[in-house]
1. If packing is taken as the average count of other Cβ atoms within 10 Å, what order do 152-164, 243-255 fall into, highest mean first?
2. How big is the dipole moment of segment 13-346 about its Cα centre under a simple scheme where the beta carbon of each Lys and Arg is +1, that of each Asp and Glu is -1, and everything else is neutral? Debye, nearest 20, please.
3. Report the one residue of 59, 339, 265 whose Cα lies farthest in the direction of the positive end of the charge dipole of segment 13-346 (charges on C-beta: Lys and Arg +1, Asp and Glu -1; origin at the Cα centre).
4. Kindly work out what percent of the DSSP beta bridges joining two residues of the chain are antiparallel, to the nearest 5.
5. So what's the convex hull volume per residue for the Cα atoms of segment 13-346, in Å³?
6. At what distance in nm do the modelled label points of residue 232 and residue 123 sit from each other, each positioned 7 Å from its Cα along Cα→Cβ?
7. Can you sort 330, 87 by how many other beta carbons sit within 10 Å, fewest first?
8. What relative contact order, as a whole-number percentage, does the chain give when Cα pairs under 8 Å and 6 or more residues apart are counted?
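Nothing in this text is a laboratory measurement; each read-out follows from the coordinates by a stated rule. As the structure is a prediction and not an experimental result, all values here were calculated from the model. Don't worry about glycine lacking a Cβ; one is built from the backbone with ideal geometry, like all the others, and counts go over all protein chains shown.
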Amino acid sequence: MPTPASLPASAPAEPGSPRDSDLVRAARRQPVSRTPVWFMRQAGRSLPEYRAVREGIPMLESCMRPELITEITLQPVRRHGVDAAIFFSDIVVPLKAIGIDLDIVPGVGPVVARPIRRAKDLEQLVDLTPEHVPYITEAVQQLVSELGATPLIGFAGAPFTLASYLVEGGPSKNHEHTKALMHGDPDLWDALCARLAQISGAFLRVQAGAGASAVQLFDSWVGALSRADYTRHVQRHSASALAAVADLEVPRIHFGVGTGELLRLMGEAGAEVVGVDYRVGLTDAVERLGPDYAVQGNLDPALLFAPWDALERRVREIVEEGRHAPGHIFNLGHGVLPSVDPDVLTRVTALVHEVSAR
């Protein structure tokens with residue numbers, strides 16, 4: 001598997017450019033002026049301005065309008081003063097772009113009309129090219145122009161999580177069809193994940209090529225697997241997706257939920273930064289990962305509803321734990337919950353900046 005030592009050295013970044021930002025520097029395990037902070041799902045339902053511009057527009061359509069993508073991506077940067085923008089999209093957008101019959105159903109999530117469970121079903125998956133997603137290139141270019149020195153993070157869904165949606169036909173708590181296919185027909189599973197790795201990698205490459213300063217690979221459901229199953233059936237496909245941007249000199253963040261036992265393996269798949277969810281302390285994560293990886297995380301999103309003194313105490317603890325990491329990007333241990341008070345996120349951002357200033 002790729003390791004950080006085998007990745008290309010980055011060219012010197014121009015001072016004041018997004019690629020010389022604290023976020024990119026932290027990702028590269030370089031000195032920073034203060035701990036950078038952004039929040040997964042910062043652009044979304046917690047913001048009244050988001051709900052206003054999205055009113056009456058289906059989710060997938062929202063992800064295909066460059067002007068709307070740009071506005072939604074910029075909203076939390078304006079409001080919270082975070083150190084990075086996360087590109088507004090959805091992990092199933094590249095699947096929709098290549099013709100998969102799916103929709104994002106409110107209150108449910110992605111629903112696939114024809115689940116993939118036989119070899120013949122793979123015919124639905126064709127290679128993703130930039131021509132499939134011109135609106136992504138346009139939106140990234142608009143954002144890079146608007147953001148100035150603030151970096152943009154591109155993202156994609158990891159092969160396992162995409163495969164889970166495609167095999168199950170939608171969200172699943174137990175992933176029974178997915179695991180049955182993985183173990184019952186490993187050749188078909190590998191063929192499915194290889195195609196998804198190309199799609200995910202190409203989606204990351206479109207964003208990085210258009211100007212994103214970093215990328216994140218989301219593996220939301222991979223915590224459902226054992227270390228042995230991850231190593232045998234998943235790791236090489238995530239590595240393939242991440243390798244698609246290895247030559248573009250953008251830091252790669254690899255994040256999953258419930259992945260405390262997989263952290264080192266996820267780093268070894270080819271990431272400079274390993275995202276840590278709220279179930280594992282940063283100190284433990286750094287011990288498991290070693291000196292070759294920066295970490296991202298990991299405030300429990302539920303604590304955003306706690307009294308300020310309790311929340312402040314935990315934020316300070318995480319910043320202090322992060323000081324002992326090779327590099328630290330402050331984030332949540334998962335996404336912003338829709339009912340959170342946006343003002344709390346603004347206060348957390350300011351607090352992280354205040355207590356971490358060098």
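1. Order by mean packing, descending: 152-164, 243-255.
2. Using Cβ point charges on Lys, Arg, Asp and Glu, segment 13-346 gives about 300 debye.
3. Selected residue: 265.
4. Close to 15 percent.
5. Expressed per residue, the convex hull around the Cα atoms of segment 13-346 is 120 Å³.
6. Output for this residue pair reads 3.2 nm.
7. Sorted ascending by nearby Cβ count, the order is 87, 330.
8. That works out to 22 percent.
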